[in-house]
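What follows is a short report on a single structure.
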Amino acid sequence: AEYMGAVRDGIAAIIARNRLSVVAEMCEQLRQGDPKLRTLRSSLVTADAVVSGGIADAVRVATGLHRIRLDGMTDDAAVALAEALELNASVHTVSLEGAHVLC
């Protein structure tokens with residue numbers, strides 16, 4: 001049982017590192033205006049990634065982004081995205097599942 005717990009913890013750590021790496025790559029693509037990234041939709045983009053992982057800041061300057069569709073968002077994440085979108089007129093559609101505030 002102890003061995004399985006250690007294996008589970010190790011797998012969880014690998015997944016967390018991979019998630020952070022993917023989110024960092026998405027942030028960089030957004031900042032650079034990657035034309036292939038027209039829709040931001042990923043199960044790896046968590047509410048925490050939006051608020052403190054750099055997604056909201058990257059959205060603020062993204063030039064090729066047209067749609068945002070994210071699940072599992074919190075009110076804090078919705079507010080962070082709303083503030084970022086005040087400076088970004090290229091995004092036309094936003095769908096945030098889980099948030100309860102209207103921005």
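The values are calculated or read from the model by the stated rules, or taken from the named source; none is laboratory data. Predicted model only: the values in this text are computed from it and were never measured. Positions of Cβ are generated from backbone atoms using ideal geometry, with glycine treated the same way; all protein chains shown enter the neighbour counts. Note: accessible area is taken over every heavy atom of the protein model, side chains too, but ligands, DNA and RNA are not part of it. Shrake-Rupley method; radii C 1.70, N 1.55, O 1.52, S 1.80 Å.
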**Message:** Could you check region 64-88 and list, in sequence order, the residues that are assigned to a helix (DSSP H, G or I), over 14 Å from residue 45 (Cα atoms) and either open to solvent by less than 20 Å² (accessible area, probe 1.4 Å) or in contact (Cβ under 8 Å) with a residue 60 or more places away in the chain (or both)?
**Reply:** 84
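Can you work out which of the residues in region 40-59 that are part of a helix (DSSP H, G or I) and among the small types (Gly, Ala, Ser) is farthest from the chain's Cα centre (by Cα)?
To start, the set of residues in region 40-59 that are part of a helix (DSSP H, G or I) comprises 47-51, 55-59.
With the extra rule that they be among the small types (Gly, Ala, Ser), the set shrinks to 47, 49, 56, 58.
Values: 47: 7, 49: 5, 56: 7, 58: 9 Å.
Among those that are part of a helix (DSSP H, G or I) and among the small types (Gly, Ala, Ser), it is 58.
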**Request:** Would you confirm whether any residue within region 17-34 is free of Cβ contacts under 8 Å to residues at least 12 places away in the same chain and of a type in the set (Lys, Arg)?
**Result:** yes
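Give me the residue from region 2-39 that is among the polar types (S, T, N, Q) and under 13 Å from the mean Cα position of the chain (by Cα) and, out of that set, surrounded by the most Cβ atoms within 10 Å (Cβ to Cβ). Break it down into steps so the answer makes sense when it comes.
The first filter runs over region 2-39 and keeps only residues among the polar types (S, T, N, Q), leaving 18, 21, 29, 32, 39.
Still in the running and under 13 Å from the mean Cα position of the chain (by Cα): 21, 29, 39.
Numbers: 21: 11, 29: 18, 39: 13.
Per the criteria, the residue is 29.
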**Complete:** Within region 2-32, residues of a type outside the set (A, V, I, L, M, F, W, C), modelled with pLDDT under 90 and more than 20 Å from residue 77 (Cα to Cα) come out as 2, 3, 5, 8, 9, 10, 17, 18
**Asked** For region 90-98, does any single residue satisfy the condition of being closer than 15 Å to residue 30 by Cα, open to solvent by 80 Å² or more (accessible area, probe 1.4 Å) and among the polar types (S, T, N, Q)?
**Response** no
